[in-house]
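The values are calculated or read from the model by the stated rules, or taken from the named source; none is laboratory data. Given the structure is predicted, the values throughout are model-derived calculations rather than measurements. Here the Cβ positions follow ideal geometry from the backbone for every residue, glycine too, while neighbour counts run over all protein chains shown. Surface areas here come from the heavy atoms of the whole protein model, side chains and all, with no ligands, DNA or RNA. Shrake-Rupley method; radii C 1.70, N 1.55, O 1.52, S 1.80 Å.
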Amino acid sequence: MKIALQGLLPEELQILCKATGQPAFRGKQLWQWVQVQGATRWDQMGNLPRALKDKLAETHTPQPAKILKESGELGGTRKWLVGLDDGESVETVLIPARDRNTVCVSTQVGCKMGCAFCASAKCGYARNLSAGEIVAQVQLVAAALGKRPDNVVYMGMGEPFDNYDAVLKSVRLLNHPDGLNVGARRITISTSGVIPGIRRLASEGLQVELSVSLHAANSELRRKLMPIENKYPLDELLKECAAYTATTKRHITFEYTLVKGLNDSPQDAAELAARLRRFPCRVNLIPLSPVEEFQGEAPPRATMEAFLRVLERNGLEGTLRESKGKGLDAACGQLRRRTQTDLL
Ligand code: SAH
């Protein structure tokens, strides 16, 4: 597979150009085309010498990702099936709100985590995405919007901390002041609870937001929903989260998907609050999105509101997220690896 230009920092592009016998400023021009203009074809890059482009094209590509299919729904949510160079595909989602556009990117083709209610692992795991393939998803959405998206959330297919290096590099590229310049605080990485990833992120000195998927207030229940509980148990995970907030002086957002009759009782809420209120955090409640492979449904609205009130009464800040994109199979947990037949 060819190396994506979208995954290279300015200094790396300069080195690349120099290696072909070109002056370093060609690297700057290349960066400008790829990261600022969003170019995806060599012939768009009018001010670069043919010889340089021909040479680079042997090993590099300006188009590591292309749109195979687009779908949209009334609320404005849009989803793209994105094709990669080796024939694999991932899904990327745009969630517009009144004052901001949020892009949800995938970090892996498939997922290894195997959470009970998430479609992303049901279709197996193929490989990690490169930093360039992650950035290219944002560039695709920027091109569709005609402007830079405001927020980027690493909440698509895959476990970001199972692909740590590429994910962090993509953050640095998206956050680069000479590139798309998406503010670090407008970038959210969501993990199912990979402790070493949380520890490493704490040491990066980045202002990014961290979300951690919990879905249960105790190990017994969490184990039934998330196999990762066996590797990184809740107690240790929360200890690491507390350490993260102490080191970074930043809060954590916990994601809690509500499933009727499973984890939605006032007792569950009280138990959750008791465990979380020791450090700066908030809870994002997500109604279960329907997934073919999981028997379960979202609780009634009143149950979810009652859950939220118990959290609040116990000193915890929470929000009840409105689920968007269900009509497109683009909501939380509904993204999956697609095959050619899905295109028909
Ligand atoms: N793999 C990362 C990033 C995904 S973020 C993580 O697990 O954090 C997507 C969020 O939606 C996660 O919190 C995930 O657990 C949750 N989710 C998965 N399936 C869902 C479903 N069917 N309904 C609602 N939320 C779901």
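List of remarks:
- In sequence order, region 54-67 has phi-based couplings of 4, 5, 5, 4, 5, 10, 10, 9, x, 9, x, 9, 9, 6 Hz under the Karplus curve 6.51 cos²θ - 1.76 cosθ + 1.60, θ = phi - 60°, and Gly or Pro positions carry x.
- Here the Kirkwood formula, the inverse mean of 1/r across different C-alpha pairs, assigns region 33-112 a hydrodynamic radius of 15.0 Å.
- Under 18 Å from LYS53, Cα to Cα: lysines that are on another chain or at least 8 residues apart: LYS2, LYS18, LYS28
- Note: region 3-61, Cα convex hull, 69 Å³ per residue.
- The chain - accessible surface per residue (Å², probe 1.4 Å): 44
- Accessible-area composition of the chain, carbon plus sulfur, in percent [1.4 Å probe]: 49
- Radius of gyration, Dmax [the chain; alpha carbons; angstrom]: 20.8, 68
- Taking amide hydrogens as placed 1.01 Å from N in the peptide plane, the amide H of GLY110 sits under 5 Å from those of ALA126, ARG337, each at least 5 positions away in sequence or on another chain.
- Region 1-88: GluC sites (Glu not before Pro) falling in loop per DSSP and having at most 11 other Cβ within 10 Å: GLU58
- Between the amide H of ILE3 and those of HIS60, THR61, distances stay under 5 Å, these residues lying 5 or more places away or on another chain, with hydrogens modeled in the peptide plane.
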